[in-house]
Amino acid sequence: MQGNVIFNVDAKLSTMNMSKLPKLFQVELDRRTGIPRRYKRKLVRRLSDLRGFFSDNKMVGQMLERGKNPIIYEVYEIPQAPSEGLFSLACTVLRPGKIGREYYFTKGHFHAKEPASEVYVGLKGRGMLLLQNREGKIAHLPLEAGNVVYVPPQWAHRAINTGRGKLVFLAVYPSSAGHDYGSIKKSGFAKLVVERGGKPALISSRSLKR
Ligand code: S6P
Ligand code: ZN
């Protein structure tokens with residue numbers, strides 16, 4: 001089989017030495033859930049972690065007071081050391097649901113080290129990627145099973161689940177990109193995605209902010 005190389009190297013993610021170059025690896029995605037069978041770290045984002053992000057702050061406060069703190073999303077990360085030329089991988093599982101009329105979403109961020117672009121591969125479900133640049137220009141693209149979205153440098157990005165099932169996607173990004181959550185938390189996205197007549201609609205965030 002000369003000239004026909006098949007890589008099937010065990011990832012050994014838990015023992016990966018971050019100070020060295022990464023080894024060859026492959027990771028299977030669970031066919032039913034889309035979640036990688038091996039990952040290094042799992043992040044869980046609950047409603048309490050998204051305080052101040054949803055437009056209906058009052059409803060968030062009331063839910064938390066009543067002890068309702070649902071998981072909004074989970075991120076399964078396969079990170080690499082923050083060196084030039086390396087990529088990290090992360091699979092996000094964004095649950096279906098709404099706070100008031102607003103669909104569940106990820107916090108959203110700029111990359112701290114710019115320029116750093118990113119690729120999102122839709123694995124399950126239906127949703128949208130909302131993007132906003134530093135000048136406040138806004139854009140949105142479908143993010144769903146079977147599509148790929150390219151996020152150019154200097155665009156903040158937020159995934160929104162507008163479907164009935166989980167929205168699952170894989171992100172590939174430079175390992176040195178980092179996250180700037182502060183800018184988005186402070187200014188917010190100019191648009192919100194809400195349910196209107198059973199369908200997702202984009203509206204100005206000023207029209208709903210409470
Ligand atoms: C990382 C990439 C994703 C998000 C994840 C959660 O650059 O964009 O892995 O981190 O979807 O979103 P957020 O906005 O809470 O980091
Ligand atoms: Zn990102």
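Each value in this text was obtained by applying a stated rule to the coordinates, not by laboratory testing. Computed from a prediction, not measured in an experiment: that's the story for all the values here. Don't worry about glycine lacking a Cβ; one is built from the backbone with ideal geometry, like all the others, and counts go over all protein chains shown.
You can think of it this way: the chain between Leu64 and His179 has 38.8 nm of extra reach, that is 0.36 nm per residue less the Cα-Cα gap.
Along the charge dipole of the chain, pointing to its positive end and built from +1/-1 on Cβ of Lys, Arg, Asp and Glu, which listed residue (Gly61, Phe189, Thr92) has its Cα farthest out? Going by the charge dipole, the pick is Gly61. Over 19 Å between Cα atoms: which of Lys68/Lys185; Lys124/Lys185; Lys42/Lys113; Lys107/Lys191; Lys98/Lys191; Lys58/Lys98 fall into that group? Table pairs above 19 Å Cα-Cα are Lys68/Lys185; Lys124/Lys185; Lys42/Lys113. Here the contact order of the chain, divided by its residue count and restricted to Cα pairs under 8 Å and six or more residues apart, works out to 21 percent.
Tell me, what is the FRET efficiency for Phe25 and Arg51 to the nearest 0.05, using R0 = 30 angstrom and their Cβ-Cβ distance as r? Walk me through the numbers before you get to the answer.
On the way: r = 37 Å, r/R0 = 1.22.
Rounded to the nearest 0.05, the efficiency is 0.25.
In this Cβ point-charge picture (+1 for Lys and Arg, -1 for Asp and Glu), the chain has a dipole of about 820 debye about its Cα centre.
Put in line by how crowded their Cβ is, counting other Cβ atoms within 10 Å and starting with the fewest, Ile160, Ile184 read Ile184, Ile160. Oblate is the label for the range 156-201. Its Cα gyration tensor axes, ordered a ≥ b ≥ c, give a/c of at least 1.5 and b/c at or above a/b. For Val148 and Ile203, the difference between the fully extended length at 0.36 nm per residue and the C-alpha to C-alpha distance is 17.3 nm. Stokes-Einstein diffusion of the chain at 10 °C, 1.306 mPa s viscosity, Kirkwood radius from Cα pairs, rounded to a whole number: 87 µm²/s. Within the set of other residues whose C-beta is less than 9 Å from the C-beta of Glu195, count the net charge using Lys and Arg as +1 and Asp and Glu as -1. Taking every Cβ under 9 Å from that of Glu195, the sum is +3.
Sorting 63-72, 192-201, 164-173, 127-136 by average packing, meaning the other beta carbons within 10 Å per residue, from highest down gives 164-173, 127-136, 192-201, 63-72.
Entry note, the range 58-177: relative contact order of 34 percent, from Cα contacts under 8 Å with a spacing of 6+ residues.
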